[in-house]
Every structure is written in C-alpha cells, then in structure tokens.
1. Highest GNM mean-square fluctuation, the chain, Cα pairs closer than 10 Å: which of ASP352, ASP383, ASP43?
2. So what is the accessible area of the chain per residue, in Å², with the probe set to 1.4 Å?
3. When a/c is below 1.5 the answer is rounded, else prolate if a/b is larger than b/c, else oblate, so apply that to region 199-320 with a ≥ b ≥ c taken from the square roots of the Cα gyration tensor eigenvalues.
4. Pop out the carbon and sulfur fraction of the accessible area of the chain as a percent, whole number, probe 1.4 Å.
5. Taking just the C-alpha trace of region 70-194, give me its Rg and Dmax in Å.
6. Using +1 on the beta carbon of Lys and Arg, -1 on that of Asp and Glu, and nothing else charged, what's the dipole of the chain about the Cα centre, debye to 20?
7. In the structure shown, do any of LYS265/LYS338; LYS47/LYS235; LYS281/LYS338; LYS113/LYS166; LYS235/LYS256; LYS265/LYS327 have a Cα-Cα gap over 21 Å, and if so which?
8. Principal axis extents for region 123-245, Cα atoms only, whole Å, descending order, please.
Amino acid sequence: MKKGFHILTILIMLLPLLSGCWNQKELTELAFVMAMGIDKGKDNKFKVSYQLVNPGNVITGQGGGGGQGLPIAVYRSTGDTLTEAARKATKKVSRRLYYAHTNLVVISEKVAKEDLLYILDALDRDPEFRTTTEMVVARGSTAEQIVTTLTILDRLPVNKITKQIKASEVMLGENMSVNIDDFLMELVSKGKEPFLNGYRLIGIKSKAREGENLQKTTTDAFLASDGLAIFKDGKLLGWMSNNDARGVVWIQDKVKSTDIYIDWKKKKKALVVAPIRSKTKVSVQFINQKPIINIKIDSEGWLSEANTAIDLNNPDVINQIDKLAEKEIKRQIVHSVKASQKLKTDILGFGDKVHISNPKLWKKYQGNWDEEFASLKVNVSVDFYVRREGIRTIPFWSTMEK
C-alpha cells in the first residue's frame, strides 16, 4: 500500500514537468516584428508601421546570400490605441505578430510631444515586448519613413540604426544608446530628465523604400543620426545637436573617442586630437546650503592629424597642444550645460547628484528644481594629455616650408 502511495505521489510531482509545451509557438506561425514606427494622423489616431523580417531573404549560408527578394516587409495599421492598431494589423498579416525580437521603436515628433506616456505604458506592460529595445525620435521625418527605408550595408534596416548609434557613441560622442528601460528610469526620476536619439531620413525620400537601392553602391536616400531629443515631463521640449550633444555625452561619461579641432598659429583646425581614454566625474559641494556642481574630466589621446608645420618632438609644443585641447573640451561642456539650463530641463542628472549627496537638502529644492537648475553654478576642469603622435613626429609640411 505504501509503495503504491509513493508511486502516486511521484507521478503527481512530475505532472508540472509534462506541461512545458503548453504555450509553444511554431516559427511558421509567427511574424517577427523587428521595428515599429508610431505616427499620429490628422484624425488623431495612431498610425503604426510594423517592420517584419523576411527570413528567406536575409539568412546567408556558405554557398552565398539569401533570397533575391526584399529583406523586410512593412505593414501599416491604425487605431485609437496601440492595442487596437496591433489587432487590426491581423487583417493584413497572415501570421501572429511577435515582438520578442523587436530591436527598435521609432516615434514621430508629434507623438513625442503629445502621446509618449501612453505609448510607453503599452510597451512596458506587454510581457512579450522587451524594454531593452532602442527608442529614437524621427526628426524632420515620419516614423514610417524611417522603418520603411532600405539600407545597403545592413540587410535589415533596424540593424543599421542600432549599430550606427553605438558606433556614433564610441567614435564621435554625439549619440548615446538609450533603450526604453533607460528612458523610463529617468522619466520617473525627480533629479534627471530623459533624452532620446534623433534620426533623420536624408535625400529623396520618395526613393528610400525602392528595392533598387539595394543594387546600388550609393543611394538617393539614407538614414543618419541627428542630435538628441530633449524631454521635460514626458514631452519633447527641444533638440541638441553637434557639440552640444557631444557635451551631454561627455558629462554622462560615455565618450570613448571623438575629434577635437585645434587652431595653431592662426590656422583654423590645423590639428586634430582624438581621445583614446576618458573619465568624467561629477560631484557636488554645498556652500551656504547652495549646491555647486563640479565636473572633472581626465582624458588621454593622440594626434590624428597635423595640417601645418609643427615640431612634435618638442615637449613644450606637446604641452601647448594639451592646454588647447583642454580649453576646447571645456568650452563644449560649458556650452552644453548652458544650453540645458536655458531649456530648464536637467538632462545632465545634476539633481540626482544633489539628492544622493544631501537627501535632506534635496527635499527643499525638489519641488522647484527646474528653476534651481537654471541658475546652478557649474565648475568644469579638464586634464588632457597627448600620449601618441602617430607614426610620424615631424610632419612632411616642415620639410616643404624649408
């Protein structure tokens, strides 16, 4: 009797293991959504574009490339909510939309100004959707135009955008990878406002989605990152571009490398210095109960171009280049801080630093931090050292001028 009871108990304990495939999904029944574009129409409905992958035209093997067709298919749907738009899309797509591999969400400027909070709730609530997905704002373009543009180097346009943002962060310092989790974390923070990367369609927009683009070495339209979209209270407030955007990334300690132009003996941009290592430290000090932000940047780099006669064997010359590089980096940082203060939106996270340093005093400033931030005193110090001059210490310019 006891033996039978033990066997029955074991069988009951094994039952949960036998239900492992109750929610299985066949690949042939799924449509993988790689990117979503969200616009707002004149009728105030959401216009959602779904970039679906055509696996047979993307997968490459040892014998050559994939199929000859287009690597993506884009379906459009509208609705008062994202849920309604997604369900209406099933009228056009023969497979179930599957979001577990979605790597990019593109929103239009109008959505960013009016409805971003509703969008974020839908994306954050769906258990199938990954909040590590990159999010960008279509600048001067519609979100649909961004997700329907075909690209040359990367078969999947979504890969072109996500990889290019990471490359820009590493090599140029004017963009920084921001996913939905990052945005939400800064959105609910009391001491920091969020920002997103801007993306623009450049060229003849009507030709961006033509299959002929994939057969050319150059295209009539292409995608490019373009500045940072600045938010306040969950709504798009303005833009920062070029050096202002780079200064923001410097302060976030995300700059790996970039180009620093230096004038030499009245010649503009005679030298180009590229950082190879950089560390940013932001700290707070309090004087008479007033916070003061101190930004300290330590960076090392190399001389990547010398378009003038200069003696790089001379330590005094190298020291002058160091000082000029420090001055230019500081100028960019200060300009970015002032641009943020002018917008009265703390995308730099100074409020978080104040909160961590003095939680008690933070309660005094929290309710009116935008105004406090706008008049906040910020000190910037930079130490830069040229460690390498490349493979040539004396430029050929020197011998030409003798």
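The values are calculated or read from the model by the stated rules, or taken from the named source; none is laboratory data. Quick caveat, the model's predicted, so the values are computed rather than measured. Here the Cβ is made from the backbone with ideal geometry for all residues, glycine too, and neighbour counts use every protein chain on show. What goes into the accessible areas is simple: the full protein's heavy atoms, side chains included, and nothing from ligands, DNA or RNA. Shrake-Rupley method; radii C 1.70, N 1.55, O 1.52, S 1.80 Å.
1. Most flexible of the set in this elastic network: ASP43.
2. 54
3. oblate
4. Its accessible area is 54 percent carbon and sulfur atoms.
5. Rg, Dmax (Cα atoms, Å): 15.2, 46.
6. 220
7. On the way: LYS265/LYS338 29 Å; LYS47/LYS235 19 Å; LYS281/LYS338 18 Å; LYS113/LYS166 25 Å; LYS235/LYS256 29 Å; LYS265/LYS327 16 Å.
From the list (LYS265/LYS338; LYS47/LYS235; LYS281/LYS338; LYS113/LYS166; LYS235/LYS256; LYS265/LYS327), the Cα-Cα distance tops 21 Å for LYS265/LYS338; LYS113/LYS166; LYS235/LYS256.
8. Projected onto its principal axes, the Cα set of region 123-245 covers 49, 38, 25 Å.
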